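Beneath this line is the structure, given in structure tokens, with notes to follow.
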Amino acid sequence: MIAVYGMKNKKIKQLISSITTLTADEILSLEQAVKTRKSQLDSSILLQKKSESVKACPSCGSVSFRKFGIRSGKQRFKCNEKECGRTFTALSDTPFARIRHLDKHIENAKCMIQGLTVRDTAERVGVHRNTAFRWRHRFLTQIEILQPEMLGGIVEADETYFLQSFKGQRGKNKTKANLGRNPKTRGTPAEKRGLSDEQIPVLVVRDRGTGETLSKVIASRTANDLGNVIKPILAHDAELITDSATAYRSMAKKYRVSLKVVPRNKKHKTVGMLHINNVNAYDSRLKDWMIRFKGVATKYLPNYLGWHRLTDSQKKLQAKKFLSIAIG
């Protein structure tokens, strides 16, 4: 063991001493190689931790399994049950099953923390833009479902709206019969002014004390749709503050929620502690963050809401932690 360690130590010393003779181009190449190797090691550490947490076969639930070699840098396992006998990895029951290029996922996580577009991410990570798009939504599968379990104290609620989008649908799928309206060029404004069925409502509920935030697409702004989301997450002693929309009053009465309403006054939107400034500020940040994507397909909107919740709540989020959350 001492001899092996001494050999490795000697190689490191030789490498360090040779750096002084490298040209500028060679230094840049070395820097890239070290960066790539570090990403590989970071991903390997996360995989190792995930492998150690495997408790059962994802196919049959059996707790009797054994290690079954390593392939593509991943530890494989084999179920001991005769009727099953399947092989699997720590990622088999996660959105990362069968995903490749694990050495690039740390860099991809960094791009997502920065909120880069698909094309910018693809260029930086070194993959095709379609791969970058698929990876984005693989990463967001687990993140999208992370919502606060309970909000207490003073809780603010409001809705924000996003224009309905069928971005990505092409050919036969993009017809009036399938869309419910005539196809239109991206960026075209809504046909109807104000709120309509062209606008997708997103309910935002925010704990004023902790800053924990729930954001969720809802079918409509009715008492039932609001109550189905708000009631389960409100602590029994929570006080809900909203605008003067009738739906909130009806919801509070039906679900027995303690409600205070901000008076409808154009000049004075704040009356002491009675305001929804926190949730409105969050809505504003969400809207500004979304602009970079130049329109988000409605079917993917929940993923983007989860993505923003995570990056907005953790300002110093590290790539390894982001990837760990994404793996689940």
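For a modelled paramagnetic label at K315, 7 Å from Cα along Cα-to-Cβ, no residue of segment 102-120 is in reach, as no backbone nitrogen comes under 11 Å.
Once both axes come from the Cα atoms, what is the angle between helix 129-144 and the longest principal axis of the chain, in degrees from 0 to 90, rounded to 10? Long axis of 129-144 versus the principal axis of the chain: about 60 degrees. Let's test the formula: R0 of 35 Å, r as the Cβ-Cβ distance of K299 and A245. What FRET efficiency results, to the nearest 0.05? It comes out at approximately 0.85. Using the Cα gyration tensor of segment 29-161, with a ≥ b ≥ c the square roots of its eigenvalues, what is the shape: rounded (a/c below 1.5), prolate (a/b larger than b/c) or oblate (neither)? Oblate. Using only DSSP helix segments of four residues or longer, with each worth -39500 (n - 2.57), what per-residue ellipticity at 222 nm results for the chain after dividing by its residue count and rounding to 500? Helices in the chain give a 222 nm mean residue ellipticity of -13000 deg cm²/dmol. Each residue, Q169 and I27, gets one label point 7 Å from its Cα in the Cβ direction; the gap between the two is 5.5 nm. Projecting the Cα atoms of F68, F139, T213 onto the charge dipole of the chain (Cβ charges, centred on the Cα centre) puts F68 farthest toward the positive pole. By the Cβ distance rule (another cysteine Cβ under 4.7 Å), the unpaired cysteines of the chain are C111. If you roll a 1.4 angstrom probe over the protein chains with everything in place, what fraction of the accessible area of the chain belongs to carbon and sulfur, to the nearest %? Here it works out to 52 percent. Distance cut-off 32 Å, Cα to Cα: go down the list K55/K321; K38/K82; K216/K254 and report the pairs above it. Violating the 32 Å Cα-Cα cut-off are K38/K82.
Rounded to 0.05, the FRET efficiency of the Q48 and R119 pair, given R0 = 30 Å and the Cβ-Cβ distance, is 0.35. With both residues required to sit in the chain, DSSP beta bridges show an antiparallel share near 75%. On a 0 to 90° scale, report how tilted helix 277-290 is relative to the longest principal axis of the chain, with both axes built from alpha carbons and the result rounded to the nearest 10. Roughly 50 degrees, rounded to the nearest 10. Measuring max minus min along each principal axis, the C-alpha atoms of the chain give extents of 79, 55, 51 Å (largest first). A straight Cα-to-Cα reach below 19 Å connects K110 with the aspartates and glutamates E31, D42, D120, E123, E144, D312, residues fewer than 8 places away in its own chain not being considered.
The values are calculated or read from the model by the stated rules, or taken from the named source; none is laboratory data. Just so it is clear, the model here is predicted, and its values are computed rather than measured. Virtual Cβ from ideal backbone geometry, glycine too; neighbours counted across all protein chains shown. Just the protein is used for accessible areas: all its heavy atoms, side chains included, with ligands, DNA and RNA removed. Shrake-Rupley method; radii C 1.70, N 1.55, O 1.52, S 1.80 Å.
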